[in-house]
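**Student:** The structure is given below, and queries will be raised subsequently.
The values are calculated or read from the model by the stated rules, or taken from the named source; none is laboratory data. Everything quoted here is computed from the prediction, not taken from an experiment. Backbone-built Cβ (ideal geometry, glycine too); neighbour counts: all protein chains shown. Note: accessible area is taken over every heavy atom of the protein model, side chains too, but ligands, DNA and RNA are not part of it. Shrake-Rupley method; radii C 1.70, N 1.55, O 1.52, S 1.80 Å.
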Amino acid sequence: MTVTSYSGAAAPLPLPDKPSIAVLPFQNMSGDPEQEYFADGMVEEIITALSRIRWLFVIARNSSFTYKGQAVDVKQVGRELGVRYVLEGSVRKAGDRVRITAQLIDATNGAHIWADRFDGSLEDVFDLQDKVAISVAGVIEPTLRQAEIERARRTRPESLDAYDMYLRALPFAYTSMPEEADKALGFLEQAIKLEPDFAVGHAMIAWSHEQRYLRGGLMEETKIAALRHARLAIAVGTDDATALAIAGLVIGFLDPQDYATALDAFDRSLALSPSSALALGFSAVTRAWHGESAIAIQQAEQALRLSPFDPLSNIRHMAIAIAQFVAGRFEEAAAAANRAAQGQPRFSPPYWMRAAALANLGRVDEAKIMALRLLEVQPQFTVASITSAPFANPKSSPR
């Protein structure tokens, strides 16, 4: 295979200070030159979808398409375009059906990070392009985030910047439990010292305090800190979909009287990044908390389709569990709560949710077992943290 350089770069470009990706032109495997437009359009849609992810540096189409029709080495592409990750793929047409394959590669070492395929009908090619682009972007976002977390873990401590500190905090924050939130806060506080207007850093601090409040004793000063950082994240993160989504979750859970602000944050987040499984999942669980069952289930299921193996899938299952409980479907609520617990056994809410659902089904002995498991995971659990929820006391909701 002949590999050629087209960038004309005399030396490798330095990597940006955030995750970087190039989407190469997809190969047309159909043997039909007329399908080139579809393959090219598919790549353009994916580039557009990825460009909405603020923390991701995406190479523009004009640069990516200099490699069209050429056999390339992804390591070389990474050096020439100055990116850490490369997405490549192919399109194959058979009759009125089309199969699209995609794979994500770490250009620094050639390792494959993710691969998948998508099948659809060519009856509406533009709709198919949109669906595949949203699906690819939705999967790549958490996949890249996990790859970046692993990279930050390998980075020497003296070389860490604000973003690296944020990445190191994520595994602790993702457990959604107070003792781990304390560990996350150590990294996050350092991050905002290095970059005071780091919107997603403030948002993660807010979320960590929210975990400490709801599952760590309902201390008023913790709630105040959570809301302060959430509102600061919204103020400085007007174009940061992740910061807006996390801030919306915190405000939606801790300040029911300001629910409109939470909904606005979710709407703005999804307008910026429609494929964000994180935003969809956080919106879903917040809406479920406020008793909006139908839209909560819809958004949670969409988030799970976009990112089925995401570390935060437990929150999406929890959204479904609450929504099904509110709707009086206790079997479905118990099943969803069980899936949430399996995804993150150290996350306590699925245990009280499953216990409540089982009790409503008359399965009291099983409910007691869940209650004991809940106290093992969250010794500080109090009924007040649940009965104050809008879905548990609809009259208290401003809506």
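**Student:** Principal axis lengths of segment 112-271 from Cα atoms, whole Å, largest first?
**Tutor:** 57, 44, 27
**Student:** Let me ask something else. Would you count, across the chain, every pair of lysines whose alpha carbons are under 24 angstrom apart, provided the pair is eight or more residues apart or spans two chains?
**Tutor:** So the count works out to 10.
**Student:** Identify which of the listed values of Cα extents along the principal axes in Å was calculated from the structure shown: [x] 60, 56, 53; [y] 67, 53, 35; [z] 79, 48, 38.
**Tutor:** Identified label for the calculated read-out: [y].
**Student:** Another question about this same structure. In segment 289-362, if the dipole is taken from +1 on Lys/Arg beta carbons and -1 on Asp/Glu beta carbons about the Cα centre, which of A294, A336, P349 is farthest to the positive end?
**Tutor:** Farthest towards the positive pole: P349.
**Student:** A further question follows. Calculate, for D32 and R153, the FRET efficiency according to 1/(1 + (r/R0)^6) with r their C-beta to C-beta distance and R0 45 Å; round to the nearest 0.05.
**Tutor:** It comes out at approximately 0.45.
**Student:** Further, regarding this structure: What number in nm² do you get for segment 238-374 if you take the convex hull of its Cα atoms and divide its surface by four?
**Tutor:** For the Cα atoms of segment 238-374, the hull's average projected area reads 7.7 nm².
**Student:** Here's a follow-up. Beyond 12 Å, what share of the Cα-Cα pairs of segment 261-324 remains, rounded to the nearest whole percent?
**Tutor:** Distances greater than 12 Å cover 59 percent of the Cα pairs.
**Student:** Can you give the translational diffusion coefficient of segment 304-364 in µm²/s, computed by Stokes-Einstein from the Kirkwood radius over Cα pairs at 37 °C and 0.692 mPa s?
**Tutor:** Here the translational diffusion coefficient equals 293 µm²/s.
**Student:** Compute the whole-percent fraction of alpha carbon pairs in segment 187-293 spaced more than 21 Å apart.
**Tutor:** Cα-Cα pairs of segment 187-293 separated by over 21 Å account for 28 percent.
**Student:** Give the Cα extents of segment 99-184 along the principal axes, in whole Å, largest first.
**Tutor:** Over segment 99-184, Cα extents along the principal axes are 53, 33, 17 Å.
**Student:** Considering only protein heavy atoms and a probe of 1.4 Å, how much of the accessible area of segment 1-150 is carbon and sulfur, as a whole percent?
**Tutor:** Carbon and sulfur together cover 48 percent of it.
**Student:** Compare the Cα positions of V236, Y213, L185 along the charge dipole of segment 166-241 (+1 at Cβ of Lys, Arg; -1 at Cβ of Asp, Glu; about the Cα centre) and return the one farthest towards the positive end.
**Tutor:** Of the candidates, Y213 comes out farthest on the positive side.
**Student:** Name the residue from T143, F172, H202 whose Cα lies farthest towards the positive end of the charge dipole of the chain, charges +1 on Cβ of Lys and Arg and -1 on Cβ of Asp and Glu.
**Tutor:** F172
**Student:** From the phi angles alone, apply the Karplus equation (6.51, -1.76, 1.60; θ = phi - 60°) to segment 217-224 and give each ³J(HN,Hα) in whole Hz, x where the residue is Gly or Pro.
**Tutor:** Rounded to whole hertz, the list is x, 6, 7, 4, 5, 5, 4, 4.
**Student:** To continue, here is another question. Can you give me the accessible area per residue for the chain, using a 1.4 Å probe, in Å²?
**Tutor:** 43 Å²
**Student:** So if I take the centroid of the Cα atoms in segment 105-142 and the same for segment 192-216, what is the distance between those two points in Å?
**Tutor:** 32 Å
**Student:** Something else about it: Taking all protein chains as present, what is the carbon and sulfur share of the accessible area of segment 175-252, in % to the nearest whole number, probe 1.4 Å?
**Tutor:** Percent of accessible area from carbon and sulfur atoms in segment 175-252: 55.
**Student:** Give me the percent of the accessible area of segment 309-393 that comes from carbon and sulfur atoms, probe 1.4 Å, all protein chains in place.
**Tutor:** The C+S portion of the solvent-accessible surface of segment 309-393 is 58 percent.
**Student:** Counting Lys and Arg as +1 and Asp and Glu as -1, each charge on the Cβ, what is the dipole of segment 237-304 about the Cα centre in debye, to the nearest 20?
**Tutor:** For this selection, approximately 140 debye.
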